[in-house]
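Participant: One structure, pasted below without further comment.
The values are calculated or read from the model by the stated rules, or taken from the named source; none is laboratory data. As the structure is a computational prediction, the values presented were derived from the model and not from experiment. As a convention, Cβ positions derive from the backbone with ideal geometry for all residues, glycine included, and neighbour counts pool all protein chains shown.
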Amino acid sequence: MNYVTALVQLPLVRETGKEQIRNPEDVARVCADLSELAQEALHVLILSTKHCLINRQMVTLGLADASLAHAREVFRPAIEAGAAIGIILVHGHPSGDPTPSAEDIKITKKLIEAGRILDIAVQDHVIIGKATESSKGFFSMRQAGLCDFGAA
C-alpha cells in the first residue's frame, strides 16, 4: 500500500483589510469601476465583524442587460472567506441608470432567504450606474426599502 502525507496549514487569524464599508456610499466608492463595464457583473463584498472589507469577488458576468445569479455562486466566496457579519451584493447597470429591475428585486429576495438559511446576512444590494445631475449614480435596495434585509 502506498501512503501519501499531506501537510495542511491553516491560519489561526485572518487579517482583514482596513477599508470599512458602512453605507451605500462606501460601496459605490469601492465598486465605481462597475459603471464602466459593457455588461452586468455581480460582485459580492465580504465583510468582517467590524465591517472591514475582507474580499471583493465577482461571482457572475452577464449580458448587456442581465446577470444570472445563483445562491451557490454568491455564497461560496463568503463561506470560503469566513464572512463574519455578512455580504453586500453589488452590480453595475451598463445603461448608467441604477434603478433596479423587477428581476434584480426578485433575485435579491431569493438571495436574502438563502443567506438566512446559511446564517450569512445579505446586508444590502447596491446597483452602480453613472452619476448625473438628478442621480447620485447608485441605488441601495436597503435604503429604498425594496427588500426585507432584517437587522444589520
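Participant: In the stretch 111-120, what residues are in contact (Cβ under 8 Å) with a residue 24 or more places away in the chain and over 20 Å from Thr60 (Cβ atoms)? Break it down stepwise before answering.
Facilitator: Quick first cut of the stretch 111-120, residues in contact (Cβ under 8 Å) with a residue 24 or more places away in the chain only: 111-112, 114-116, 118, 120.
The one that is in contact (Cβ under 8 Å) with a residue 24 or more places away in the chain and over 20 Å from Thr60 (Cβ atoms): Arg116.
Participant: Kindly indicate whether any position in the stretch 141-151 is touching a residue at least 60 places away in the same chain (Cβ under 8 Å) and not hydroxyl-bearing (Ser, Thr, Tyr).
Facilitator: Scanning the stretch 141-151, I find at least one residue that is touching a residue at least 60 places away in the same chain (Cβ under 8 Å) and not hydroxyl-bearing (Ser, Thr, Tyr), so the answer is yes.
Participant: Return a yes/no flag: does the stretch 90-100 have any residue that is among the hydroxyl-bearing types (Ser, Thr, Tyr) and surrounded by fewer than 13 Cβ atoms within 10 Å (Cβ to Cβ). Give the steps one after another, and end with the answer.
Facilitator: Filtering the stretch 90-100 down to residues among the hydroxyl-bearing types (Ser, Thr, Tyr) leaves 95, 99.
Remaining after also requiring surrounded by fewer than 13 Cβ atoms within 10 Å (Cβ to Cβ): 95, 99.
Taking every residue of the stretch 90-100 in turn, at least one turns out to be among the hydroxyl-bearing types (Ser, Thr, Tyr) and surrounded by fewer than 13 Cβ atoms within 10 Å (Cβ to Cβ).
Participant: A further question follows. If you go through the stretch 117-152 one residue at a time, how many are out of contact with any helix residue (DSSP H, G or I) (no Cβ under 9 Å at 6 or more places or on another chain), under 25 Å from Gly96 (Cβ atoms) and among the charged types (D, E, K, R)?
Facilitator: Of the residues in the stretch 117-152, 1 are out of contact with any helix residue (DSSP H, G or I) (no Cβ under 9 Å at 6 or more places or on another chain), under 25 Å from Gly96 (Cβ atoms) and among the charged types (D, E, K, R).
Participant: While we're looking at this one, here's another question. Could you pull out the residue among Ala28, Ala114 that is touching a helix residue (DSSP H, G or I) at 6+ places or on another chain (Cβ under 8 Å), surrounded by 13 or more Cβ atoms within 10 Å (Cβ to Cβ) and modelled with pLDDT of 90 or more?
Facilitator: Answer to the check: Ala114.
Participant: Is it the case that Leu146 is assigned to a loop (DSSP other than H, G, I, E, B) and at negative phi?
Facilitator: yes
Participant: Here's another thing I want to ask about it. Report the residue count in the stretch 31-50 for those that are under 18 Å from Ala81 (Cβ atoms) and modelled with pLDDT of 90 or more.
Facilitator: First, pick out the residues of the stretch 31-50 that are under 18 Å from Ala81 (Cβ atoms): 31, 42-50.
This time we only want the ones that are modelled with pLDDT of 90 or more, so: 31, 42-47.
Qualifying residue count, the stretch 31-50: 7.
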